[in-house]
1. Quick one: which residue in 60, 79 is touching a helix residue (DSSP H, G or I) at 6+ places or on another chain (Cβ under 8 Å), surrounded by 14 or more Cβ atoms within 10 Å (Cβ to Cβ) and modelled with pLDDT under 70?
2. Listed residues 230, 217, 151, 223; which is within 30 Å of residue 406 (Cβ to Cβ), modelled with pLDDT of 85 or more and buried (at least 16 other Cβ atoms within 10 Å of the Cβ)?
3. How many of the residues making up the range 384-407 are exposed (fewer than 15 other Cβ atoms within 10 Å of the Cβ) and not in a helix (DSSP H, G or I)?
4. Within the range 661-684, count every residue that is without any contact (Cβ under 8 Å) to a residue 60 or more places away in the chain and in contact with a helix residue (DSSP H, G or I) (Cβ under 8 Å, 6 or more places away or on another chain).
5. Which helices (runs of 4 or more DSSP H) sit wholly inside the range 61-150 and have at least 2 residues that are farther than 29 Å from residue 47 by Cβ?
6. Looking only at the range 408-432, count how many residues are part of a helix (DSSP H, G or I), out of contact with any helix residue (DSSP H, G or I) (no Cβ under 6 Å at 6 or more places or on another chain) and under 19 Å from residue 355 (Cα atoms).
7. Could you check the range 425-445 and list, in sequence order, the residues that are closer than 22 Å to residue 23 by Cα and surrounded by fewer than 23 Cβ atoms within 10 Å (Cβ to Cβ)?
């Protein structure tokens, strides 16, 4: 029977990405946790800033016939027990935050055995904030002055972002405020939860370089967990929140109803750019690092944790905190955001705290804990399998399919391994000897992960106006001065300097003091000096008029150039409008075809499901038919075997009964012959008596008959019996004697 392959819904091919030959290996870092007790045996030694060495503990060597082997592993950087959280952030997470602000995606996850310090590395503790709060602090310190008003950016249901105008945003804000029953989420450190108040330190804040001042930004956060291979939204209302205000998508609680809705598992979907996202996941818009961390802490309290032998608060699920940055250019005046959805750039940073791998024998897990540990280990095994196949495809040139869909963790982050962003991993290890075998497996996986190369993401520039609108006036002045300098005109001459130049360039007046009434020299000399000054003034006025006319002509020429440029820009805008119209028509047609394609895919899916049902029925019926045929053949063979057995038994029984009948007949014949012989003897004796009584003798009473003796009649000899035996019939008739 030919096995029917599992039917799959045909999918559209992904859009062709621009060729990018540049690849970067997955950045793997190692962090060593301090020993819990000083008397514990240590199995890890930091050799250098990039290398660690594993020592097999004594018990492990005894179990391996005394073999002793030291193994060294290299990483991009090794952080010892004395490293600070700030230093770890500088090397690991800061480059990803820089890429996030530049419009690139990033993935950072912690990996290791249970109790190795993964949650401390990601979240931190009071006074020692981890990678997550420091990343939030850096983001808001960088884009703080350029944030858009709340509700200007709005998420849609398809992993996209829309832009609203100020009026719609104001109406949205009023609508949400009308539903409020408690104040907004606190955005200052004084109003934070005391447990997390010291995790964000402004004095340790750093900023990203190259922030576009001509764009507006907004941050959205979401928090999910993957528990038993099901996805749950940690920002959703649960049973614990039945008496608390319900949380909305704008960072503010609203009036809730009394009906409780249990948490439902979410599903993964693929958007129009073939990126995976969690459908129906709540995305909260936040305006400060404190507000964002407060949202994270609310979800963190709902995360699945349990007490095991290895960890007092062991994470029983994989947590994913997604920071989404929306960026859009401002208009020509630099006041409002362009109302164009196509010019909105969305980048995201995923911070993943993986649950620790563990052995149920060491943790003492029972019941639900065993199931949780099994699902955790299975999802981590699927991650290792995907990494192994990726490495094999890259090193050996094979084209094996990577099984991303076998686990929600790998399925959610498949785009990052396909080149949609940088991937970083922090391997946390505990140096105690009890974790040596698990740590050895973690090291091997980390070494294999470093050999996987991920395509470097291409830059995604924002298609807005030319940056630097806030400095265009100065640029215009510089350009005007340059052109005037080329034409030989005045450069950087203000009015006071020109006046001073004119005053000092005139010839000085002669002395006009008259001491003699008959002096005829002073007045004519003064008149001549004044006339010279007048002529020079006239020449300067002419020069000034010429310069003014030249300036006027230059300004007119410049104005004409600007007008021509404006006409050209209007013409280009018209052409772009026509192209936009054509593009819009094409988009409409594409949407119509996509809807039609989806409808056909839905029909194909239904037909494939129906075909699968029919194939399953056919397969089951065929299997049942084969089973019945095999059963019938077995019954027929059993019947033939029983017939042969019965025939043998019948023949044996017949032969036995024939012998028995022959024996009984012979015995009966012998008995009848004996009876006839006895009767013959009696007749002979009777005849002899009768004969003796007839013979003459003494008178008197007759002699008594001879006394019969109780003698046993002799059996006939064999010769006498043989004729009777040969003449005996199978069923002889009985002999009657009178």
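1. On the way: 79 fails: modelled with pLDDT under 70.
Only one candidate passes the filter, namely 60.
2. On the way: 230 fails: buried (at least 16 other Cβ atoms within 10 Å of the Cβ); 217 fails: within 30 Å of residue 406 (Cβ to Cβ); 151 fails: within 30 Å of residue 406 (Cβ to Cβ).
The match here is 223.
3. 6
4. Residues that pass the stated criteria total 2.
5. Details: elements: 85-92, 94-101, 118-122, 131-143.
By residue number, 94-101, 131-143.
6. The initial filter retains those residues of the range 408-432 that are part of a helix (DSSP H, G or I), namely 408-412, 414-420.
Going one step further and asking which of them are out of contact with any helix residue (DSSP H, G or I) (no Cβ under 6 Å at 6 or more places or on another chain), we end up with 408, 412, 415-420.
Okay, now just the ones that are also under 19 Å from residue 355 (Cα atoms), so 408, 412.
Final tally of qualifying residues: 2.
7. Result: 445, single match.
The values are calculated or read from the model by the stated rules, or taken from the named source; none is laboratory data. All values reported here derive from a predicted model rather than from experimental measurement. Because the Cβ atoms are built from the backbone with ideal geometry, glycine has one as well, and the counts that use them run over all protein chains shown.
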